[in-house]
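Structure first, commentary second.
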Amino acid sequence: MSLVELKNVSKIYGLGQARVRALDGVTLNIEKGEFMSIMGPSGSGKTTLLNVVGCLDRPTSGEVKIGGRDVTQMSVGELNALRLRKLGFVFQTFNLVPTLTALENVELRLSLAGLNGSEQRRQATKLLKLVGLGGRLKHRPNQMSAGERQRIAIARALTNDPELVLADEPTGNLDTTIGREIIALMRDLNRKFEKTFIIVTHNPEVARTTDRVVILKDGKIAKEERKEKR
Amino acid sequence: MRLLTFSLKNLGRRKIRTGLTLLGIAIAIAFAFVLFSVSEGTEALVGNAKRLGPDIDVKIAEGGEFQAGLGSYLDDNYATALAGINGVRTAAPIILSGATGDEGQGFTFLLGMAPHDAKEIYGDLKISEGRSLTDNDNFAIELGYRISKMNSVNAGDNFSFRGANFEVAGTLTETGGVVDLFGLIPLSTFQSVLGTGNKASNIWLWVEDNENAKVVVSEIENRYPELKATEGITILKQTEDFMKFGDAIRVVVAGIALLIGALAAMNTVTMSTVERTREFGAMRSLGASNGYVFKLVLIESTLLCTIGGLLGCLLGYVGSMVIGRFISNFIGIDIVAVTLRTPLIAIGIAVTVGVIAGIYPAWRISRQQIVESLRYE
């Protein structure tokens, strides 16, 4: 059983003449521990696909299973719980809470999972050390570099031990060197902890670091490239 | 991370905007606080007014003769006739008139009444200095606490008005009510100063049994159609109704102030949530439920208004003290009273305003689709 199974998934926005088929019959399986990327030109459906896999959006038709469970039939509450426990997100613009410290930003999601204060602190500290921010726990996002902010976002995505991390253009706001460091960090976490990463990117260099590249065009999978796991 | 801590931190994002909104709410609450204090004060004053007044007030019915300073007047011999009605304990002719002292003394109320009748009113009031009036006194006056303090007169001093000099026989202890503003002088002296002969403005009756007051009133009106008799309780009720009217106006004014405060709070919370649309989208994508986001915004709004309410109570307390002191110095009555009820009501209103102001922005942001929130620019 694959971690993520998409069967003939379509997503249509708008009505009548304004209908846009963002995804058009996508079938895709993603295995646990994969480190893959999704590429394609603007408007090809990359982010829509990520949103559907991340249970942020429901497909118009087709079947989406995560861990064998059909998420299209789940209630809003069940989807919230699934995102909280099984998924992690990393965004291009980090989307951190500016008034909270790095530690508090990571603790926030742990608190949503119902952990007590000391356990939140212990786990958040551990995760921030893991992404190399052990010395910056009390700093606020605006006191940190873009690369450091993305590291906080990665630590936050790893809270509650998710099986799948979805990253939407994680290097889009970073310079080349820092972008490489961030991808290297994700790769490291993938290898050490067998976390599954799906990275949406425009950047071929980022895509080259992944084991599998799915290229979308007009909402359809146009090409798929795999390479041997190192 | 507790919701409350998180909400507090969120309020600190836009310090100037939050500060200005807090100030707006604080001013609205302070305004309401002062108006409530005035209501409390006037309520206490009405309660105190029960000390001054008869069981039945008798005046000449409409169309009687009128004299400046006395109003429509009646012959004081009516008192003897009214005293003969079954159930009447005391029938006292009185003159009640406002007056200003001749030597820059402030406005006061003068009650002309035979000293032996005045025991019905003043019997349970304590003399602070000097003595009570007796039937042997002529140009003597017994002053209420406030009027004696305002004019800095003590027992043995002179108090003059309309060219007549009165010796202050005694001063009363403070009651906090209108009695403090009254000066009692013998009826016959008041009549001679006003030059009214044996006329009185009213005749006040005290009955043996309050249950019988209604019966006595109808008996008077049957026997003497030229007179109008009103139960004291009715006068008090009319006063209370008047006070209620004042309260209604105060509630409306305070309500408008609070509505403005609520709109300011709603505007601030709405702006704040709109600015953070993507952040809320990210929170939802990380597993925060609609309910969590709703509660977060609602707590922010409630906190904003509660803090504003606490500041407003402080401002309102200071304002009430200042206004109370000013009015007390000016007219001599304490019409402002701060009781524990006032800040409790003020805080209760602030919390309610916060909840109401937060419902719409909380509902709006918690219902928004996650993908739309994340796309928000």
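Results, tabulated for the structure shown:
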| item | result |
| --- | --- |
| Filtered residue count, the stretch A:141-170, keeping only those that are hydrophobic (A, V, I, L, M, F, W, C), away from every other protein chain (no Cβ under 14 Å) and crowded, with 18+ Cβ neighbours inside 10 Å | 1 |
| All positions within the stretch B:267-306 that are at the interface with chain A (Cβ under 9 Å from one of its Cβ atoms), part of a helix (DSSP H, G or I) and closer than 17 Å to A:Thr93 by Cβ | B:Arg278, B:Glu279, B:Gly281, B:Ala282, B:Met283, B:Arg284, B:Ser285 |
| Which listed residue is surrounded by fewer than 22 Cβ atoms within 10 Å (Cβ to Cβ), in contact (Cβ under 8 Å) with a residue 12 or more places away in the chain and within 23 Å of A:Glu104 (Cβ to Cβ), from A:Asn173, A:Asn190 | A:Asn173 |
| Test set (1) crowded, with 22+ Cβ neighbours inside 10 Å; (2) in contact with a Phe, Trp or Tyr (Cβ under 9 Å, 6 or more places away or on another chain); (3) touching a residue at least 60 places away in the same chain (Cβ under 8 Å) - B:Trp204 fails condition number | (2) |
| Candidate set: the stretch B:134-171, residues that are of a type in the set (Asp, Glu) and in contact (Cβ under 8 Å) with a residue 24 or more places away in the chain; chosen: the one farthest from B:Gly183 (Cα to Cα) | B:Asp135 |
| Within the stretch B:307-339, considering residues that are among the hydroxyl-bearing types (Ser, Thr, Tyr) and assigned to a helix (DSSP H, G or I), the one modelled with the lowest pLDDT | B:Ser328 |
| Subset of the stretch B:344-377 [assigned to a helix (DSSP H, G or I) and within 12 Å of chain A (Cβ to nearest Cβ)] | B:Ser366, B:Arg367, B:Ile370, B:Val371, B:Glu372, B:Ser373, B:Leu374, B:Arg375 |
| Residue list for the stretch A:147-204, filter: more than 13 Å from the chain's Cα centre (by Cα), small (Gly, Ala, Ser) and assigned to a helix (DSSP H, G or I) | A:Gly147, A:Gly179, A:Ala184 |
| Pairs, first within 19 Å of B:Phe190 (Cα to Cα) in the stretch B:113-127, second of a type in the set (Lys, Arg), C-beta under 8 Å, six or more apart | B:Ile121/B:Arg51 |
| Wholly enclosed strands (runs of 3 or more DSSP E) of the stretch B:53-152 bearing at least 2 residues modelled with pLDDT of 85 or more and not hydrophobic (A, V, I, L, M, F, W, C) | B:56-60, B:88-100, B:127-130 |
| Per-region count, the stretch A:8-51, residues charged (D, E, K, R), surrounded by 15 or more Cβ atoms within 10 Å (Cβ to Cβ) and without any contact (Cβ under 8 Å) to a residue 60 or more places away in the chain | 0 |
| Some residue of the stretch B:186-195 being farther than 28 Å from B:Ile127 by Cβ and touching a residue at least 60 places away in the same chain (Cβ under 8 Å) | no |
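The values are calculated or read from the model by the stated rules, or taken from the named source; none is laboratory data. Remember, it's a predicted structure, so these values are computed and weren't measured experimentally. Every residue, glycine among them, receives a Cβ derived from its backbone with ideal geometry; neighbour counts consider all protein chains shown.
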